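K.L.:
Got a structure for you, written out below as structure tokens; questions coming shortly.
The values are calculated or read from the model by the stated rules, or taken from the named source; none is laboratory data. This is a predicted model, so every value here is computed, not measured. So basically every Cβ, Gly included, is an ideal-geometry build from the backbone, and we count neighbours across all protein chains shown.
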Amino acid sequence: MLVSVVSKLPAPLRRHFTVKATTRVPHPTTVITAEAVSACRFGIPAPPRHHVPRERALEALSRTDAAPLVVVTAPAGTGKSTLVAEWVKAEGGSGDTAWVTFDGPRKNLGEPDVFWACVVRCLAELGVDVPPYRRARLPSEWLPSLVSAVVATGQRLTLVLDDHHLVTADVADDVDLLLRLTNGCLRLVFSGRRPPVLPLYRYRMADTVVELGFAELAFDDAEAAALLAASGAEAKPSEVAAVNAYHGGWAAGLVLEGRHRREGTGVDDTADVDVTDYVCREVLDPLPPRARRLLLGTCTEETFDDELAHDLVGPDAERLTRLARCCAFATTTADGRHAYPPVFRDVLRGQLAREDAPDRAEIHAIVGQRLRRGGAKDRALREFVAAGAYDEAAELLIADQLVGQLLTEGPDGALRSYCAPLLDTTSRAGPLVLAATKLADGDTVDCADALARVPDPRTDTALWGCVSALDALRARLASDADGALTTAEAAQRALGDTGTFHPSGPLPTLVRIARGVALLRHGAFDLARAVFEETATRQDGRALFAPYADCLAHLALTDALEGYLARAEHTAAEALTLTAPVTPFSGHATAQVALALVALDRDDPGTAWHHATTAEPTPDPLTRHLARHVVAGVEALEGHPTAAASRLHAALAEATATDPWAADHLRVESARLALLEGHPALALHELGPLGNSHVGRHHEPHPDAAVVRAAAHTRRNEDGPAQRALATVLEGFPPLRPRVEALLVETERRLRHRSPARAATVLDTSLRLAAPERLRLPFRQAAPEVRRLLTTEVRGAHHWLGHAHEPSATAPAQPLTAREREVLGYLTELLTTEEIAEVMVVSVNTVRTHVRGILRKLGVNRRYAAVRRARELGLLDD
């Protein structure tokens, strides 16, 4: 029989027997202990109590009818054995299927004789007349007899080798030969954590192998929900997807999750002691040391690439990465990188934190170097700090400008948490980190103290560039306008001298913006705009998100101050959509003030109040001064001139010593308020001698001041001084609002000189000039005779003007009730709904009902608009 089988084999196989018989040396004579075989388990295992069928995986296994080889490879706890057992029973083939689960001491399972003894026993159970196998015989002498016995049965037999990964690879060649010689009469099913050491490429080329991996075994959401329910846990449908995504479809993790939910022990902490213990014992401990090092070194990031693996374990990285995919749940992403399920990644990170300090530090340092080369500098800093490599961390912060990111990411930023350990070290970056974090919190005093503690900054040009930049940004918030400009220009020179800072990097960008803000504080709008526009075009906001928003916000503020209201509104809105966490350097407050100025000029006090109060408090001096100007303007429009004057004078007192241009601006607003209250002499007194605050415009008078002065002289019937003041505005190129106001004063003059036709012509010019930007406020604040002319001359031609030209309005369709009038009175005091309810001793809902009635009857949709409308109707005069 043996001779006939061998003689029918192809020549290569016949040579195989000859070579093996002559080259293989028998193992030293040993005894196959009964314990080694008896430790293995035979028979198809019963399903677990929480068994859930997986139809997708069963369907994949059903395609194995013609395949002599089935390979199910997945990490521990994925339900490999359960799935194969379910498939065997579903096929009804338990009578022609034998099962062995390799178990017991590894030193015994590593012996080929244990493997063959188990195969012999399984085949004997299936009725095969197996020839006796003794330890002293070579497999090449015995295998043909075994093949003949299997073929002689005339049946197709299936042998399941569960946990085969515990078996030595020495039997691979003989198993491969056994499969080919039996010619389909024997089907082997390998189920384990690694693929069998067989020439699988041959079977793949011949399409005679069916392979299932973790992707096929992983539970989908529906199966996960069923498994959680079978484990006795209650999970809402909305929770199942998140739970399953965290576990990556891992059966063991889902079972443990179900147990925790059932027992109410740590529902949200699924990476608990049980999961950690399972992964360490079943996954990490059996791995060789280099594979373990690979796993611990690649868990710190969401994904990792082959280059990081090579840095960690050297030339053997490809093989160990394959091992990680088989045994440790690693999957390959669409871009060719690798990733672990979140639950396994969390366990690995916890295990890395418990490693010996030298090993842990070495791993973190290698990962940090790889991340730095890949451009992920903030995450590289995290790894260097974790490794205790403080010099490398300082290099990243200083030479790679990461210190600039501390200024813009907010108090809860990741980089700040990464840098926290540096504060307790002697690293040269420690004081720099402290200065940057204090500055990001708006604490300029502690920032200055920290900068003073930086050791010998001038000996290192890169370090000196960082110190100079932080000092310029501190001066932006804390110094006077002259000091801020001088410090910013000095920082620009220091950064340029280093030769290491890219012009579009974080620190140079922040310093350029600081210089633009300083120019704006001097009233040098053209120079400031040039700086902001250049900075905005150098980077598109993706790499430097917050500085780009800050730059747009200051462009919007510049536009608002110059009267380009539509452009200011659009740019400020864009800045707010880009806003990163709110910091002094994110532009949030500045964009809000720009929108407040636009709303005030358009005679929308409610919106102006909202934006101005949202912006405060802010450490930026110019933004703070302008926000107070807007709030005072709203108070004046709402009938509180005394409060408005007090607010303006308080802001003026603060700005006088630090911001001459802002002080002049506030002084003009105070004079305008006095003029609106009918006190032209007081207005002229408020103006006084304005400061020389314009950088680049030293001989040019303040155009707004000239307009207010002209209006005051006109109302005092001092025509000569009025004409001279107007000439300085109308003959130059001032911003939009003083131009429009100058035309309105000229209209007033011509009306006083009995020239209504000429007055109407000038008024029409002012309307056409203001229309594109919908500048309404000057028309509302014009002299009474000009407002009357508006009512007769406009005649619907300028719908954008709204009610600004109307001296009064009609009464509401329905009178206000006594309670509504009481609530309206409280609204003028700016009380909140809750405060009004407390004063009136009623519920909050009752107050809200009264407010809705007031808004409906007055035909407005905001509280501030209701107050303004009520004043126009005289409802608050009683």
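K.L.:
I'd like to verify a number: residues in segment 826-857 that are small (Gly, Ala, Ser) and part of a helix (DSSP H, G or I), how many? Can you show your working first?
P.N.:
Of all residues in segment 826-857, those small (Gly, Ala, Ser) come to 837, 843, 853.
Still in the list and also part of a helix (DSSP H, G or I): 837, 853.
Residues flagged as small (Gly, Ala, Ser) and part of a helix (DSSP H, G or I) within segment 826-857 amount to 2.
K.L.:
Next question. Looking at this structure, is ASP346 assigned to a helix (DSSP H, G or I), of a type in the set (Asp, Glu), closer than 27 Å to PHE214 by Cβ and out of contact with any Gly (no Cβ under 8 Å at 6 or more places or on another chain)?
P.N.:
Values: assigned to a helix (DSSP H, G or I): yes; of a type in the set (Asp, Glu): yes; closer than 27 Å to PHE214 by Cβ: yes; out of contact with any Gly (no Cβ under 8 Å at 6 or more places or on another chain): yes.
In short, yes.
K.L.:
Something else now. Being more than 19 Å from SER479 (Cα to Cα) and either modelled with pLDDT of 90 or more or not assigned by TED's automatic domain parsing to the domain that holds GLN592 (or both) is the filter here, so list the residues in segment 610-626 that pass it.
P.N.:
Of everything in segment 610-626, those that are more than 19 Å from SER479 (Cα to Cα) and either modelled with pLDDT of 90 or more or not assigned by TED's automatic domain parsing to the domain that holds GLN592 (or both) turn out to be HIS611, ALA612.
K.L.:
Restricting attention to segment 699-734, report how many residues are at pLDDT below 90 and not in a helix (DSSP H, G or I).
P.N.:
Result for segment 699-734: 8.
K.L.:
Among the residues of segment 443-479 satisfying the criterion of being among the acidic types (Asp, Glu) and surrounded by 17 or more Cβ atoms within 10 Å (Cβ to Cβ), which is modelled with the highest pLDDT? Lay out the reasoning, then the answer.
P.N.:
Here is the first cut: in segment 443-479, the residues among the acidic types (Asp, Glu) are 443, 446, 449, 456, 460, 471.
Cutting the leftovers down to surrounded by 17 or more Cβ atoms within 10 Å (Cβ to Cβ) gives us 443, 460, 471.
Numbers: ASP443: 91, ASP460: 85, ASP471: 95.
Only one residue tops the list, namely ASP471.
K.L.:
In segment 234-249, is there at least one residue being loosely packed, with under 15 Cβ neighbours inside 10 Å, outside any loop (DSSP other than H, G, I, E, B) and at pLDDT below 85?
P.N.:
yes
K.L.:
So for segment 358-380 (the condition being of a type in the set (A, V, I, L, M), closer than 30 Å to TYR278 by Cβ and touching a strand residue (DSSP E or B) at 6+ places or on another chain (Cβ under 9 Å)), does at least one residue qualify?
P.N.:
Within segment 358-380 (the criterion being of a type in the set (A, V, I, L, M), closer than 30 Å to TYR278 by Cβ and touching a strand residue (DSSP E or B) at 6+ places or on another chain (Cβ under 9 Å)), the answer is yes, since at least one residue qualifies.
K.L.:
May I pose another question? Are any of the residues in segment 137-153 surrounded by fewer than 16 Cβ atoms within 10 Å (Cβ to Cβ), modelled with pLDDT of 85 or more, more than 30 Å from GLY213 (Cβ to Cβ) and out of contact with any His (no Cβ under 8 Å at 6 or more places or on another chain)?
P.N.:
Yes, because at least one residue in segment 137-153 is surrounded by fewer than 16 Cβ atoms within 10 Å (Cβ to Cβ), modelled with pLDDT of 85 or more, more than 30 Å from GLY213 (Cβ to Cβ) and out of contact with any His (no Cβ under 8 Å at 6 or more places or on another chain).
K.L.:
If I filter segment 183-201 down to residues being surrounded by fewer than 20 Cβ atoms within 10 Å (Cβ to Cβ) and under 16 Å from THR97 (Cβ atoms), which single residue comes out as nearest to the chain's Cα centre (by Cα)?
P.N.:
Looking at the filtered set, the residue picked out is GLY184.
K.L.:
Out of segment 414-429, which residues are of a type in the set (Gly, Ala, Ser) and at pLDDT below 85?
P.N.:
Initial filter on segment 414-429 (of a type in the set (Gly, Ala, Ser)): 414, 417, 420, 427, 429.
The one that is of a type in the set (Gly, Ala, Ser) and at pLDDT below 85: SER427.
K.L.:
Run PRO756 past the list (1) under 24 Å from TRP661 (Cα atoms); (2) modelled with pLDDT under 90 and report the number of the one that doesn't hold.
P.N.:
With (1) under 24 Å from TRP661 (Cα atoms); (2) modelled with pLDDT under 90 applied to PRO756, the lone miss is (1).
K.L.:
Do we find a residue being aliphatic (A, V, I, L, M) and in contact (Cβ under 8 Å) with a residue 60 or more places away in the chain anywhere in segment 445-459?
P.N.:
As a first pass, look at segment 445-459 and keep what is aliphatic (A, V, I, L, M): 445, 448, 450-452, 454.
Now narrow it down to the ones that are in contact (Cβ under 8 Å) with a residue 60 or more places away in the chain: none.
Taking every residue of segment 445-459 in turn, none turns out to be aliphatic (A, V, I, L, M) and in contact (Cβ under 8 Å) with a residue 60 or more places away in the chain.
K.L.:
Something else about it: So which of VAL385, VAL403, VAL347 ends up being crowded, with 20+ Cβ neighbours inside 10 Å and over 28 Å from PRO581 (Cα atoms)? Break it down stepwise before answering.
P.N.:
Values: VAL385 fails: over 28 Å from PRO581 (Cα atoms); VAL403 fails: over 28 Å from PRO581 (Cα atoms).
The unique qualifying residue is VAL347.
K.L.:
Still on this structure, I have one more. For residues that are surrounded by 14 or more Cβ atoms within 10 Å (Cβ to Cβ) and assigned to a loop (DSSP other than H, G, I, E, B), scanning just segment 34-44, find the one that is modelled with the lowest pLDDT.
P.N.:
Looking at the filtered set, the residue picked out is ALA39.
K.L.:
Determine if segment 10-32 includes at least one residue that is surrounded by 14 or more Cβ atoms within 10 Å (Cβ to Cβ) and either among the β-branched types (Val, Ile, Thr) or modelled with pLDDT of 50 or more (or both).
P.N.:
Yes; the residues of segment 10-32 include at least one that is surrounded by 14 or more Cβ atoms within 10 Å (Cβ to Cβ) and either among the β-branched types (Val, Ile, Thr) or modelled with pLDDT of 50 or more (or both).
The rows are residues; the columns are (1) at pLDDT 90 or above; (2) loosely packed, with under 14 Cβ neighbours inside 10 Å; (3) within 25 Å of ARG567 (Cβ to Cβ).
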position	(1), (2), (3)
PRO772	yes, yes, yes
LEU777	yes, no, yes
ARG788	no, no, no
GLU793	no, no, no
TRP800	no, no, yes
THR810	no, yes, no
GLU829	no, yes, no
VAL847	no, no, no
